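**Student:** I have a structure here, written as structure tokens, and I will follow up with some questions on it.
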Amino acid sequence: MADVFVFSVTEADKSERLDRFLSARLEVTRSAVERLLEEGAVTLSPGQATKNYRLRGGEEIRVEIADPAPAEAQPEDIPLDVVYEDDDIIVINKPQGMVVHPAAGNPCGTLVNALLYHCGGSLSGVGGVARPGIVHRIDKDTSGLLVVAKNDFAHNALAEQLKTHTVSRVYHAITVGNLKEDNGTVNKPIGRHPVDRKRMAVAKAGEGREAITHYEVLERFGAFTYVKCRLETGRTHQIRVHMASLGHPLLGDPVYGGDGTRFGAQHKACFAGQFLHAAELQLIHPRSGQLMRFAAPLPPNFDTVLALLRKEYD
């Protein structure tokens, strides 16, 4: 797999060097652009893709960045909050700030590294060497429940449940602003942001992947709303993107516009990312067929902020 970027050169870009142009738009160093040029990952039409090429206007630049080959994750002795475990599955209450699996910039210290140590290598191999056992993910700065498969049988069964929406996942969140309705559904497709590849965005009709979030207001604080969200689908950043699309980004979310509040500035010590917690998980056990329900209490900083909001907006 590879990420493909296509840029159209305008009159305003005339005379700029190709390496500077790509460095700014890809948000990488010029050395990184030079490596891409050397690897033949950049094509220019018309023209020859060299770092000192001067843009003339009207060209189309195509950049193809291949995904790096995943490295095999290594076991690390990292404490885990195990909610449930048997021979097939393990349910974890992940803390805020922990990455789920190794990736560029996070080669170690992840949930997978901790699981490899805890389970002694007994994890499914369906996800590959970098993501053993991982059936679904939650963001680094999202806390709460996720289920991990300890063998391929369990992995395939859980993946099918996710596909058919028989796994229920409920999140608690704090949004910026006062939601108009007490409950509602956001049904908007989600895809990669057209400019910033690290972000997701609501896609145009016919593009992106189906994404459905149901929400219910739990408490109102005037300038903020405490909500419960149930995922019908599970897209990357789904709740964060959907609530932001309503004009109510999650409190403490710098990526989607929820970090610039007066309240956040006053209580900065309580903030370590978006206030989003995977509070409830329901699934069918892959081997026994038993319906299983799990719950995880709100993390301390989430409870603290709710208490502060209740006091300030009482």
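The values are calculated or read from the model by the stated rules, or taken from the named source; none is laboratory data. The structure presented is a predicted model; accordingly, all values stated were derived computationally and were not measured. Here the Cβ positions follow ideal geometry from the backbone for every residue, glycine too, while neighbour counts run over all protein chains shown. In case anyone asks, the SASA skips ligands and DNA or RNA and just uses the protein heavy atoms, side chains included. Shrake-Rupley method; radii C 1.70, N 1.55, O 1.52, S 1.80 Å.
**Student:** Considering only segment 67-97, how many residues are buried (at least 20 other Cβ atoms within 10 Å of the Cβ) and at pLDDT below 95?
**Tutor:** 1
Let's see how each residue does on (1) touching a residue at least 24 places away in the same chain (Cβ under 8 Å); (2) over 19 Å from A295 (Cα atoms); (3) polar (S, T, N, Q); (4) part of a loop (DSSP other than H, G, I, E, B):
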site: Y117; (1), (2), (3), (4): yes, yes, no, no
site: I138; (1), (2), (3), (4): yes, no, no, yes
site: L158; (1), (2), (3), (4): yes, no, no, no
site: L162; (1), (2), (3), (4): yes, no, no, no
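**Student:** Do we find a residue being at pLDDT below 95 and over 24 Å from E160 (Cβ atoms) anywhere in segment 239-246?
**Tutor:** For segment 239-246, residues at pLDDT below 95 and over 24 Å from E160 (Cβ atoms): absent.
**Student:** Would you please name the residue that is surrounded by the most Cβ atoms within 10 Å (Cβ to Cβ), looking only at residues in segment 52-66 that are farther than 16 Å from L26 by Cα and not basic (K, R)? Explain how you work it out, then say what you get.
**Tutor:** Of all residues in segment 52-66, those farther than 16 Å from L26 by Cα come to 52-59.
Right, trim to not basic (K, R) and you get 52-53, 55, 57-59.
Working: N52: 8, Y53: 19, L55: 21, G57: 12, G58: 14, E59: 19.
By that ranking, first place goes to L55.
**Student:** Another question, then. Scan segment 117-169 residue by residue and report those that are on the phi > 0 side of the Ramachandran plot and at pLDDT 95 or above.
**Tutor:** G144
**Student:** Further, regarding this structure: Show the residue pairs meeting these rules: Cβ distance below 6 Å; 6+ apart or different chains; first residue within segment 221-232 and part of a loop (DSSP other than H, G, I, E, B); second residue among the aromatic types (F, W, Y) and open to solvent by 20 Å² or more (accessible area, probe 1.4 Å).
**Tutor:** These pairs meet every condition: F221/Y313; G222/Y313.
**Student:** While we're on this one: Taking interchain pairs and intrachain pairs at least six residues apart, which have beta carbon atoms under 8 angstrom, with the first residue in segment 73-89 and within 16 Å of G109 (Cβ to Cβ) and the second open to solvent by less than 70 Å² (accessible area, probe 1.4 Å) and among the polar types (S, T, N, Q)?
**Tutor:** Pairs found: A73/T110; A73/N113; Q74/N113; P75/N113; E76/N113; I78/N113; D81/N93.
**Student:** Can you work out which of the residues in segment 123-145 that are aliphatic (A, V, I, L, M) and within 21 Å of P297 (Cβ to Cβ) is surrounded by the fewest Cβ atoms within 10 Å (Cβ to Cβ)?
**Tutor:** Per the stated criteria, the residue is I138.
**Student:** Can you name the number of the only condition in (1) farther than 30 Å from A157 by Cβ; (2) open to solvent by less than 20 Å² (accessible area, probe 1.4 Å); (3) of a type in the set (S, T, N, Q) that Q266 fails?
**Tutor:** Condition not satisfied by Q266: (2).
**Student:** Look through V217, V112, V167, V148 and report the one residue that is in contact (Cβ under 8 Å) with a residue 60 or more places away in the chain and open to solvent by less than 30 Å² (accessible area, probe 1.4 Å).
**Tutor:** V167
**Student:** While we're looking at this one, here's another question. Being within 20 Å of G273 (Cβ to Cβ) and of a type in the set (S, T, N, Q) narrows it down to one of Q161, Q238, so name that one.
**Tutor:** Selected residue: Q238, the only one of Q161, Q238 that is within 20 Å of G273 (Cβ to Cβ) and of a type in the set (S, T, N, Q).
**Student:** Kindly indicate the residue of segment 286-296 that is assigned to a loop (DSSP other than H, G, I, E, B) and surrounded by 12 or more Cβ atoms within 10 Å (Cβ to Cβ) and also nearest to the chain's Cα centre (by Cα) among those meeting that condition.
**Tutor:** Checked segment 286-296; the qualifying residue nearest to the chain's Cα centre (by Cα) is A296.
**Student:** Within segment 188-197, is there a residue that is open to solvent by less than 40 Å² (accessible area, probe 1.4 Å), small (G, A, S) and part of a strand (DSSP E or B)?
**Tutor:** Yes.
**Student:** In this structure, does A265 turn out to be at pLDDT below 95 and assigned to a loop (DSSP other than H, G, I, E, B)?
**Tutor:** When the stated conditions are applied, A265 does not pass them.
**Student:** Listed residues A279, A272, A244; which is buried (at least 16 other Cβ atoms within 10 Å of the Cβ) and under 25 Å from V83 (Cα atoms)?
**Tutor:** A279
**Student:** OK, next. Can you say whether A49 is surrounded by 13 or more Cβ atoms within 10 Å (Cβ to Cβ) and either assigned to a strand (DSSP E or B) or within 31 Å of the chain's Cα centre (by Cα) (or both), as far as the supplied structure shows?
**Tutor:** no
**Student:** What tally of residues in segment 297-309 results from selecting those that are under 14 Å from K228 (Cα atoms) and surrounded by fewer than 16 Cβ atoms within 10 Å (Cβ to Cβ)?
**Tutor:** Final tally of qualifying residues: 1.
**Student:** Something else now. Report yes if A173 is at pLDDT 95 or above and either within 25 Å of D77 (Cβ to Cβ) or hydrophobic (A, V, I, L, M, F, W, C) (or both), otherwise no.
**Tutor:** On the way: at pLDDT 95 or above: yes; either within 25 Å of D77 (Cβ to Cβ) or hydrophobic (A, V, I, L, M, F, W, C) (or both): yes.
Spelling it out, A173 is indeed at pLDDT 95 or above and either within 25 Å of D77 (Cβ to Cβ) or hydrophobic (A, V, I, L, M, F, W, C) (or both).
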